[in-house]
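**Student:** I'd like to ask some things about the structure below.
The values are calculated or read from the model by the stated rules, or taken from the named source; none is laboratory data. Predicted model only: the values in this text are computed from it and were never measured. Note that we place each Cβ from the backbone using ideal geometry, even for glycine, and neighbour counts take in every protein chain shown. Keep in mind that these areas ignore ligands, DNA and RNA; they rest on the heavy atoms of the full protein, side chains included. Shrake-Rupley method; radii C 1.70, N 1.55, O 1.52, S 1.80 Å.
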Amino acid sequence: MSTGFRLPFPPAAWWLVALFVLSNVLFVVVSAPHTLVQGTGEIALLSSTAGAVALVAGDGRRPPRGTTAFVLGAVLVTTIANEATLADADPLGYESWHFGACTVLLLTLAVRGRVLMAWCGMAALLAVTALWAEHVGRSPAYAVPLTMWHMGVLVIGTTVGLGLGLLQQRLDRVRVAASARSTAEDVATAAQRESRARAETILQRVEPVLEVVASGNALTVEDRTRARLLEAALRDEMRAPFLVREGAFVTALDHARRTGQDVLLLDDADESEEAQRQRGLLTRRLAPCIAAVPDAQITIRFSGQSGRYRLTLVSASHSETFTLGEGASMPPS
């Protein structure tokens, strides 16, 4: 078993994170090296890097609430740290690198399904920028043209994210339908295989009797007994095929029928796994009790529904119901 560390995302995603970080570092070093001296540049760089790593360190699906909140916090810290020392200029140039960095983080959130939270992050970026504009002597509305292009990018990301979400829902429905169809086919195949196996077993019992009948010889008592048991077995297969699976129960039926008793099996319950499990358990409990019934006719019926299945034996002198969790003993005849 391998115990090595495995990145949740493919290596290409981590290369994109590295390129994202390197670009931001170059923007800071080239356009605003003073922010590194003041410490705000390092804070902004670390915050944006942490947000990118958090997005890539997941499992590739929709980010959980904790990760989303962390990324929004990274966007807010990056914006505040960079704009704390951002000088008023027209144009701002690469010193406003944080707009692009935060937009990339928010765009990733939107594409991965967190559209509303991405726009909350954009609103926070816009609000902080409006406060910065007022601080440097401009109108707070100056924040709108500064972020307009970035909001356009986020609109595209929103469209892509919603489209991918709808596509994922459709794919999920198709996958569920395909899985259900495959399961149904497996169940049907297993049922056909079991029916074929049981048919072959019955055929093996039929052949000797048919050979005796076809030979034209007089039927012996044993031949007649075998024919009667075969007829009963065929009747069981048609009326209650799921009841005649336990060896001890089938042996008890054959013994009763060999002595001349007429045993009728009825099965009114469903074919679920629980019902089949209880058929096996209850028929095993009932098997040793059949020999204690002296009457010529016996009726055994399995009925009920989920959680309330029961196996009932009825004859002229006996009436007994078996359920799981309850003791069952035959009353004296």
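**Student:** Among 237, 200, which is the only one that is at pLDDT below 75 and of a type in the set (D, E, K, R)?
**Tutor:** 200
**Student:** Could you please tell me which pairs satisfy a Cβ distance under 9 Å, a separation of 6+ or placement on different chains, a first residue in segment 126-146 that is within 15 Å of residue 89 (Cβ to Cβ), and a second residue that is outside any helix (DSSP H, G or I) and open to solvent by less than 60 Å² (accessible area, probe 1.4 Å)?
**Tutor:** From segment 126-146, the pairs are 132/86; 136/86; 136/87; 142/136; 146/92.
**Student:** Looking at segment 302-315, which of its residues are open to solvent by less than 70 Å² (accessible area, probe 1.4 Å), assigned to a strand (DSSP E or B), of a type outside the set (Ser, Thr, Tyr) and under 20 Å from residue 273 (Cα atoms)?
**Tutor:** 302, 311
**Student:** Taking the conditions exactly as written (open to solvent by 40 Å² or more (accessible area, probe 1.4 Å), within 30 Å of residue 188 (Cα to Cα) and at pLDDT below 90), does residue 327 satisfy them or not?
**Tutor:** When the stated conditions are applied, residue 327 does not pass them.
**Student:** Just need a number here: residues in segment 72-110 that are part of a loop (DSSP other than H, G, I, E, B) and either of a type outside the set (Gly, Ala, Ser) or more than 19 Å from residue 145 (Cα to Cα) (or both).
**Tutor:** Residues that pass the stated criteria total 7.
**Student:** Another question about this same structure. Determine whether residue 144 is on the phi < 0 side of the Ramachandran plot and either touching a Lys or Arg at 6+ places or on another chain (Cβ under 6 Å) or open to solvent by 40 Å² or more (accessible area, probe 1.4 Å) (or both).
**Tutor:** yes
**Student:** Could you identify the single residue in 297, 276 that is open to solvent by 10 Å² or more (accessible area, probe 1.4 Å), out of contact with any helix residue (DSSP H, G or I) (no Cβ under 9 Å at 6 or more places or on another chain) and within 22 Å of residue 222 (Cα to Cα)?
**Tutor:** 297
**Student:** What pairs can you find where one residue is in segment 39-68 and hydroxyl-bearing (Ser, Thr, Tyr), the other is open to solvent by 50 Å² or more (accessible area, probe 1.4 Å) and at pLDDT 85 or above, and their Cβ atoms are less than 8 Å apart, with a gap of 6+ or different chains?
**Tutor:** Filtered contacts from segment 39-68: 40/84; 47/77; 68/117.
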